[in-house]
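The values are calculated or read from the model by the stated rules, or taken from the named source; none is laboratory data. Since the model is a prediction, treat every value here as computed from it, not as a measurement. Quick reminder, even Gly has a Cβ in these numbers, built from the backbone with ideal geometry, and neighbours come from all protein chains shown. Side chains included, ligands, DNA and RNA excluded: accessible areas come from the protein's heavy atoms. Shrake-Rupley method; radii C 1.70, N 1.55, O 1.52, S 1.80 Å.
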Amino acid sequence: MKPVKHIRGISAACLLAVPLMLSGCSLFGSESAAVDPPPAEVEAQMLQVSGESTADTGVFGPVSQDEEQTAAEVKDEGAAAESGERTTVYLEDQNGLLAPVSLALPQAGDQAMLKDSLTALVSKGDYAKALPEGFQGVLPAGTEVKQVSVGQDQVAIVEFNSAFTDYDPADERKILEALTWTLTGQDDIKGVQLWVDGRKLTEMPLQGTPLDRPLTRTMGINLSKHNALMMNSSAVTVYFAAASPDGKHQYYVPVTRFVPAGGDRVKAALSELIAGPQSENGLEMVMTQGTVVDSINAGQNGVVTVSLKDDMFEGSTSIPEEMLESVVLTVAQNTDDSLVQIRLNGKETVKGTNNIDYGQPVSAPEYVNELPL
């Protein structure tokens with residue numbers, strides 16, 4: 001197998017897709033309409049799917065005092081991760097969308113790292129000054145992450161103080177998405193269950209979102225009311241790009257779309273990527289609408305080969321990094337983190353503006369959106 005090249009960040013100097021100017025403009029255009037919570041029937045169905053994918057935690061509760069003491073002992077023994085090790089959290093950007101952001105937090109052991117990650121989601125919290133410009137946490141100010149534990153069923157049990165319930169009702173789903181996607185970014189966590197002051201939540205207190213089953217990523221993220229649930233549909237998540245408030249840096253934003261069930265999941269996701277943003281604030285097209293998905297092949301070596309055609313890039317020796325990384329992120333998201341290699345207009349060498357050859361197997365970034373403070 002060809003060598004795997006890891007993508008570690010986003011080049012601030014690179015233009016976005018054909019191209020995104022640093023002023024935030026795009027030759028392909030962007031849309032700017034509100035992102036609303038999905039209809040109630042969509043909510044119920046997606047949460048039901050979420051529950052079916054992970055077993056209920058039953059009698060599991062927050063960690064005991066003994067377990068907390070054990071974690072402290074591990075910290076004292078120096079077995080914890082080094083301070084400044086990166087982790088990915090989901091924050092609200094200046095357009096009201098959730099995006100993964102890579103942060104360096106003072107971590108000390110697995111439980112402390114998880115608590116730090118969730119603390120970074122607290123509005124005006126301890127890590128507010130450590131967030132990049134234009135990003136903020138979505139948990140209510142004053143929220144305290146009291147305990148986090150992970151059972152053998154890979155469900156994270158999170159206990160908050162009562163300030164967690166003091167949120168704007170319109171933010172209820174966004175809060176659940178941020179918590180779920182942040183925690184399930186860890187390899188050993190597949191679902192999330194919430195507690196407040198020693199009591200398990202069976203539903204969210206203001207809008208009544210059901211929490212009788214653990215939350216998983218099948219609930220989606222950044223859902224738009226313009227992408228209505230269809231009969232016999234399934235959800236795919238694609239990655240568009242957006243610009244920082246000063247226009248100098250690009251980052252990726254996941255958006256869940258509904259597509260007809262039963263078809264090729266990866267091809268459906270790439271078709272949504274080509275179609276571009278529908279109503280998501282500040283998102284830019286990363287592919288031209290003249291792009292064609294010629295073929296998708298999953299090899300026995302675990303590498304997904306995506307063959308694209310686009311006359312705009314005929315003869316080009318350097319392809320926009322954001323276009324290629326969006327393809328890698330989208331394919332990896334919908335294939336359990338498979339390696340990806342890209343063919344463009346029949347060429348096996350597909351050099352990005354970041355000098356990475358995407359014609360070779362490439363993994364999704366270990367840390368997405370390493371943005372400057």
Exercise. Roughly how many debye, to the nearest 20, is the charge dipole of the range 85-219 about its Cα centre, given +1 on each Lys and Arg Cβ, -1 on each Asp and Glu Cβ, and no other charges?
Worked result: 100
Problem set entry | Two-site label geometry, ASP168 and ASP336: point separation in nm, points 7 Å out along Cα→Cβ | 4.0
Exercise. Between LEU373 and GLN94, what is the label-to-label distance in nm when each label sits 7 Å out along the Cα-to-Cβ direction?
Worked result: 1.9
Problem set entry | Cα gyration tensor shape for the range 186-314, rounded if a/c is under 1.5, else prolate or oblate | prolate
Seminar exercise, completed: By the C-alpha gyration tensor axes a ≥ b ≥ c (rounded if a/c is under 1.5, else prolate when a/b exceeds b/c, else oblate), the shape of the range 120-232 is rounded
Exercise. Of the cross-linked pairs LYS267/LYS351; LYS174/LYS309; LYS129/LYS267; LYS190/LYS351; LYS146/LYS190, which ones have a Cα-Cα span greater than 29 Å in the structure shown?
Worked result: LYS174/LYS309; LYS129/LYS267; LYS190/LYS351
For this session: For ASP294 and LYS267, compute 0.36 nm times the residue count separating them, minus their Cα-Cα distance, and round to one decimal in nm.
Result: 8.8 nm
Seminar exercise, completed: Quick calc: nm separation of the 7 Å Cα→Cβ label points for ASP187 and ARG86 -> 1.7
Exercise. In whole percent, how big is the carbon plus sulfur part of the accessible area of the range 259-322, probe 1.4 Å, protein atoms only?
Worked result: 46
Exercise. Ignoring any ligand, DNA or RNA, what whole percent of the accessible area of the range 122-239 comes from carbon and sulfur when the probe is 1.4 angstrom?
Worked result: 43
Problem set entry | the range 243-373: C-alpha gyration tensor shape, a/c 1.5 cut-off, then a/b vs b/c | rounded
